[in-house]
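As structure tokens, the structure follows; a few thoughts come after it.
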Amino acid sequence: MEQSARSSAPSPLWLGVILPLLALVILIGLGLLVAAYPALPAWDAAFLLHLHRYATPELNQGVAIATKLGTKWGVLPASLGLIALGLWHRRWQPASYLALVMAGSAELNQVAKVLWHRVRPALWEGIPPHTDFSFPSGHATYSMTFVLALILLNWDSPKRPWLLGLGGLFVLCIGASRVYLGVHFPSDILGGWLLAAAWALSLHQAMFRWLPLLPGLEPEAEEQPIQHR
């Protein structure tokens, strides 16, 4: 996690306001399509069945292990470790942002699942059982939130291209693993990404752009060294 609020905050308008609003609008529109029109669920199911033709027992086992990197084996311990590291180095604002964005994404995902109430796909035998709803995907939400948070916190850092490339690949792999295993429809993955983008970008805008503008919360000026004559 890099530096201060000012140095880690990207353009306040297009990335902090317009893009999260657009993501939210598309998410709501996608949710309405999923709930009201049978054509999209039918396409989702056809895609899953086509992909399942390439499944093998060995690949199933490997993907089932890899998909856990999106939650308890990857994103969760990495988030806790980076939060602890930020607190250790007294990077209060980045650490607070990472804690809030990850906790908030988990809560928002559960609220969205209950709101849309979409049943999980069950298109073939052997799909791992899940008791919660399908839209939007939790793994897609958490992995995208984590990667976006790291990119935003390192916006002016040389690490950003690496985070964009490797983080984007990680997010795609987690999403693909959920579809391959048959536990989510493709539209569930897209919904999770949209939810994560709307939340992570808007929270970053609020904490790093708007909050410091409130009276009494302006960033402290750096002390200038005393020059002796």
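Results for (1) at pLDDT 95 or above; (2) farther than 18 Å from Ala103 by Cα; (3) charged (D, E, K, R), shown as yes or no for each residue.
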{"residue": "Asn154", "(1), (2), (3)": "no, yes, no"}
{"residue": "Leu164", "(1), (2), (3)": "yes, yes, no"}
{"residue": "Leu169", "(1), (2), (3)": "yes, yes, no"}
{"residue": "Gly192", "(1), (2), (3)": "yes, no, no"}
{"residue": "Leu195", "(1), (2), (3)": "yes, no, no"}
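For region 121-156, filtering for residues that are under 16 Å from Leu40 (Cβ atoms) and out of contact with any Lys or Arg (no Cβ under 9 Å at 6 or more places or on another chain) leaves 2. The single residue among Leu80, Leu69 that is without any contact (Cβ under 8 Å) to a residue 24 or more places away in the chain, under 20 Å from the mean Cα position of the chain (by Cα), farther than 17 Å from Leu195 by Cα and in a helix (DSSP H, G or I) turns out to be Leu80.
Is it true that some residue in region 36-56 is modelled with pLDDT of 90 or more, within 30 Å of Asn154 (Cβ to Cβ) and surrounded by 14 or more Cβ atoms within 10 Å (Cβ to Cβ)? No, region 36-56 has no match at all. The set of residues in region 75-88 that are surrounded by fewer than 19 Cβ atoms within 10 Å (Cβ to Cβ) and farther than 24 Å from Trp210 by Cα comprises Leu76, Pro77, Ala78, Leu80, Gly81, Ala84, Leu85, Trp88. Selection of region 99-124 for residues being buried (at least 20 other Cβ atoms within 10 Å of the Cβ) and at pLDDT 95 or above yields Val101, Met102, Ser105, Asn109, Ala112, Lys113.
Cβ separations smaller than 7 Å between residues 6+ apart or across chains give the following pairs from region 35-60 residues that are assigned to a helix (DSSP H, G or I) to residues that are polar (S, T, N, Q): Leu40/Ser187; Asp44/Ser187. Taking region 83-116 as the range and being within 16 Å of Ser137 (Cβ to Cβ), touching a residue at least 60 places away in the same chain (Cβ under 8 Å) and under 15 Å from the mean Cα position of the chain (by Cα) as the test, the residues that pass are Ser105, Leu108, Asn109, Ala112.
The values are calculated or read from the model by the stated rules, or taken from the named source; none is laboratory data. Not measured: the values here are computed from a predicted model. Neighbour counts run over all protein chains shown; Cβ positions are idealised from the backbone, glycine included.
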